[in-house]
Structures are given as structure tokens and as C-alpha cells.
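All of the numbers you see were taken from the coordinates with simple rules; none came from a lab. No experiment lies behind these values; they were computed from the predicted model shown. Neighbour counts run over all protein chains shown; Cβ positions are idealised from the backbone, glycine included.
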Amino acid sequence: MLKDYFMFSIKNLAKRKLRSWLTMIGIFIGIAAVVSLIGLGEGLRIAVTSQFNFLGSDVLSVQASGLNLAGPPGTAVATPLTDDLKDKILKINGVDAAINRYIESGTLEFNDRQTIGMAMSIPEGSERKILEDMLNLKAEQGRLLKDGDNKKVLLGNSFKEDDIFGKGIKPNDRVLINDISFEVIGILEKKGSFLFDSAIAVNEQTMLNLIREADDTDVNVIGVKVKNVDNIDNVKENIEKLMRKERNVKKGEEDFVVESPQNLLATLNSTLFAVQLFIYIIASISIVVGGIGIMNTMYTAVLERTKEIGIMKAIGAKNSVIFFLFSVESGFLGMVGGIIGIIFGLLLAYGLAFIGQITLGSDLIQAHITSGLIIGALLFSFILGIISGIVPAYQASKMQPVEALSFIK
Amino acid sequence: MKSTIIKLDNVWKTYKMGDIEVHALQGLSLEVKAGEFLAIQGASGSGKSTAMNMIGCLDIPTKGRVYLESQDISRLSESNLAQIRGKKIGFIFQQFNLVNTLSAMENILLPMIFQNISREERENKAKELLNIVELGDRMDHKPTELSGGQQQRVAIARSLSNDPDVILADEPTGNLDSKTGENVMHFLQKMHKEKKTTIVMVTHDAHLAKFAQRIVQLKDGKLIRGRK
């Protein structure tokens, strides 16, 4: 019996093909927008998050800020960090370690091809182990750097692929950094972060003597490890206090940032959330408009079929049957609109992600559409259809058979 | 003496048209016996359609009682009335009133679907009925693809699908030419004779009324001729 009612509803929709399609367009635009935008937003969030997850939660980074030009972090700033700051930070209560990090952009050449990358320093002595733990450095091939490794380089995981130089780099290969020959000592494990996976790591002395200009002693970043994660906010405040004193700036006018990666991630996440929320609102408006479209179509259908409703009642259809028939019809409009919307949304999201990856060459644009999102969208569109149809269907069910039968089109 | 299947007892129906009250029925009393072919004849505005609505459980009276097989139906809810209509009454309308989206076969199936009759049973029944009204070869045609006479025969078949106690025919030939109309009337007579169905026909046409066994005349919502 249910099957017969479904068939009956489908027949009625099929009879008014153009109107049914036009009604469904209203829903499918909204659902396509929701699916593709949520999918891309979620993909972006995952991509961004993965850039940070190699850092521990007990780490703070100190950087000079002020003038922000494109370049390695902490470069091109008005007042760079000095190399004596590290020892002053070390004296702050709760600080376990502080490490000067030098970052320099340069060229990397292999197999007669060149790319621009960022070289970072790894300190020597006891600090080496601390930084290795802090960044969770592990060699996938070869080994990590050790003291006295001169003209030796540790490379990020992406360099082992063929796509950068036409040929993957292996340990013992020789590469040119700023036209100086280096021996590749190891390849790092993959972290899923493009910053990390394209790292070019050298010993601090190598960095200062060979890659940097000789008189440049500016520190780019000071990495700070705290003793107790629970104290991290406290330590952060104390470092900020010290930095204000050292650099002679007032509160609120800081030309530096002290940040934990988790902090940064939270800020980014809340920004992303605001963007997503905005998208949701736009998409919801479109879906509500679609729902009103269904309601309108169903009202028209009820009016048009007044006589038919009268006939069905005369031959024994109860109010509930009439209500059910019209609800199924509007539910169908919603659901079919939803299915088409989901298909378009998937195509749109993966299409845009594909185009984005080709044109920008970045993994940041990716689509992440879960089965939950798809099922949710499907259910939502079906329920929306039914809800939009409730009032028209109720109106139809409550018609008096005598009046409905005498209705003239 | 045959049992009474329908009884109207001092039935009033009053419609409000703005401030004016229109009394479509003014104390109509009438009995229909099982197996009878009754014609209710009257001019336009005589209240004959209203009377048919009462008998057919399509409407309830303002005052008075309507009994179907001794069950008082004058105060039932619309859903209960629908159930009674679906089980006990078959309608034949002047405008045929078939569902245009459905084929002839599906139109006949529809009342049986509403009564939850199994697929096999209802399909056999529909085929049998289509053969009786001589439309077995037209079962997949939509109403718009059938002539007026054929449509009315589909309606007759539909009215019989649930083996009703009473068939109500409201000007069944009103939209047909006289030859086709007569043909339809012969079908009704055939149903009456072969299936012993009770038929109540409403018409303004005295000639048509002669097909019935008994004729009552209505004027101003009251019986003016014929025994009640």
C-alpha cells in the first residue's frame, strides 16, 4: 500500500516535470552550496591543522614583528632579535630551554634544477637533542645531523619525490645550497605539513658561516620549551614582560610576538570558523528560499488538484491518506533536490580543490566530505521537503469532499 | 419484505450564503430497500444533489438523522465517513471524476488500495470489472484517451470495486449524448440485475428516471411524489 502511495506521488510529480525541476533547483543550489563549502572549509581546516601538529604543546616561539614582508619568519623586521636574548629568557621561571633559530632563504639545486627554499639551523651541543625532541625530528633515510657535520644537510620528506628536481634526492647525494656543495645526510620522516616537509636543515655553524652573510647575527625565532604545560600562559606573560623591557616598548605596542603553536592554531581555527559560519548562513538562506519554493509548489498542487482530492475522498481516502500523499510528494521534491545538490556539491568541491592544487600548487585547498555530511544533507533536504509541505498537505486533508468535488478549475 | 439499507429521517440541510440561510433540504424522509433501483428526480435546485450527498456520506445533515444499514452516520467525523464511503458506497458522477494521472485500471484499483486489499486480489478484481464494462482492452489508457461513454464505464467499474452496498449515480448520463447515455444506463441496469446492487440515481430527466424501479420526486428540499 505504501509503495502504491509512493508511486502515485511520483506520477504526480512526473506529470508536472518542469515545475518539479524548477522547484528542486531551489533546493539543490542550497544543498550543493552547503556540501561544497563545508567540504572545502573542512579540508582547509584539516590542511591548516596538519601544518602545526608536528609541534608539541609545551613550546613557545618568540619572534620580532612590525614590518611584515614576504620572507622567512622574523626577517625584514625593524628591530630583529639579538642573540643575547636567549640567555635572559632561560632565566625566567618555568623555562626549560631556549634555542636560537636561524632561518634563511636560499636556492637549492639538484639534478641541474633549482628551487627556492628555506634553510633552518639546528643548534649544536646539548641543545640539539632538545630541538630534535621539540620538533619531533626523525630520519626516514640516512641519519640526523650531529656536531661537526660541516657542509652536510638534512632534507624534508618532499625532496625524496621526483616532482621537484625531476629525480628524488637520496642520502649521499650532493646538492648545491646558494651554490655551495652539500652532502645529503638524511631525509626526514613525513609530517604532512608542507613547511616541515620542505625543510632544509643544517647545523648552526654551517648556517652562520656558509649560508648567511658573515656579519648577520640576527636571530629569527627563539624556540622556548616550558617545564610544565599547565604553566605555559604564565611563562608566556613573563617572556612578554621581559621582551617589553628589553625592547623598550609599552604594552599594546609590542613589536614582537610570543606564541604557542596551539595558540596560533586556535586563532586560525576561530577565524576559519567565522568564515564557515558566514558560509553556513548564506547557504541556509538559500535552503530556506528553496523550502519556500516547495511550499509554493505544493500550495499550487493542492489548489489544482482540489477536485482530485474530492474524488479520492469520495472513494474512501481518509484525511490521513491525503495528508500522506501530499507529504510524500513534497518530501520527494526535497530529497531529489538534495541528491542532485549533493552530486553537484561533490563535483564542485573536488573540482575546485583540483583546480586550486594545480594553479596554486598547494595542498591547502582540498575537499574533505564525510559520509556524515552526505547523509545529513540528504536527511535534511527530505525533512525540509516534508516540513515545507506540511501546511499545504494539511490543507488538502481537511477539505470537505462536497466542496472539493464541486471545485471547477 | 426487503431490509432497509438507507434511511433519511426528517433531514434538514441549511447552507449559509452570507447572511442568507438556504434550506437545501427541509425535513426530507426517505427509505431505500436493499437491492432496489431508485431514481430521485427533481429540477435544478430541488435539493436532489444535497440528498445524494447525505445518502453517500459525503456530508452530514444540519438536523435529522441518516442511517446506513441502521448505523447512524449523521454525526460521524470526516475520517469515519471516508471509511464508510470506501467500503459501502460506490459513486458515479456526471463529470465521471476519474483521476487523470492514472490509467483506467489504476483508477479502478484506487478504492481498493484505500481499503488495503492485497495486490493480487485487487488486480484480478479490476480486470474482471473492466471486462464487465467491456473495456478490457483499454485498461492502460488514461481517462483523456477515452471517450465520454468509456470514461463513465470506467467510473461504473470503479464504483463496483469494493462491492458496495449502494451505488450512487448523480446524473450519470448528463455529459453524454443520448445514445451513449442509454448504453450507460443499460450497464447500470445490468449491474442491478446481475449483482443485485442497490442503486440510487439522481436525475432531472424524467425519461432517464424510467430506467429505475421506483421514482421519487423532490421539490424545495421535500418529497412531493412517491412513497418515502
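Points to keep in mind about this one:
- Top positive-direction residue, dipole computed over chain A with Cβ charges, set A:Ala301, A:Phe52, A:Ile355: A:Ala301
- Rg/Rh for region B:107-200 stands at 0.95; both radii use Cα atoms, and Rh follows the Kirkwood definition.
- Note on the protein assembly as shown: with charges restricted to the Cβ of Lys and Arg (+1) and Asp and Glu (-1), its dipole about the Cα centre is near 4680 debye.
- Prolate/oblate/rounded call for chain A, Cα gyration tensor, a/c under 1.5 rounded: prolate
- Within the shell defined by Cβ-Cβ distances under 13 Å, the residues around A:Ile390 carry a net charge of 0, with Lys and Arg each +1 and Asp and Glu each -1.
- Surrounding net charge for B:Ile92, when Lys and Arg each add one and Asp and Glu each subtract one, Cβ distance under 11 Å: 0
- Selected from B:Ala155, B:Ala34, B:Ala169 as most flexible by GNM, with chain B as the system and alpha-carbon contacts under 10 Å: B:Ala34
- Taking a ≥ b ≥ c as the square roots of the Cα gyration tensor eigenvalues, chain B comes out prolate, since a/c reaches at least 1.5 and a/b is larger than b/c.
- Whichever lysines have a C-alpha closer than 24 Å to that of B:Lys127, once near sequence neighbours (fewer than 8 apart) are set aside: A:Lys3, A:Lys11, A:Lys313, B:Lys87, B:Lys88, B:Lys142, B:Lys190, B:Lys193, B:Lys195, B:Lys196
- Each label point was placed 7 Å from the Cα along the Cα-to-Cβ direction; for A:Asp163 and A:Asn269 their separation is 2.8 nm.
- Footprinting exposure proxy ranking of A:Val275, A:Val226, A:Val48, A:Val321, fewest other C-beta atoms within 10 angstrom first, gives A:Val275, A:Val48, A:Val321, A:Val226.
- Over chain A, dividing the summed -39,500 (n - 2.57) contributions of all DSSP H runs of at least 4 residues by the number of residues returns a 222 nm mean residue ellipticity of -17500 deg cm²/dmol.
- Ordered by the count of other Cβ atoms within 10 Å of each Cβ, fewest first, B:His186, A:His368, B:His204 give B:His186, B:His204, A:His368.
- Taking Cβ atoms as reference points and 14 Å as the exclusive limit, the residues near A:Arg244 contribute a net charge of +1, counting Lys and Arg as +1 and Asp and Glu as -1.
- Acute angle (nearest 10 degrees) that the helix A:232-247 long axis makes with the longest principal axis of chain A, alpha-carbon atoms: 50 degrees
- Cα shape, region A:59-259, gyration tensor, a/c 1.5 rule: prolate
- Helix A:17-52 axis, angle to chain A major axis (alpha carbon atoms, nearest 10°): 20 degrees
- The angle between the Cα long axis of helix A:2-15 and the main principal axis of chain A comes to about 90°, on a 0 to 90 degree scale.
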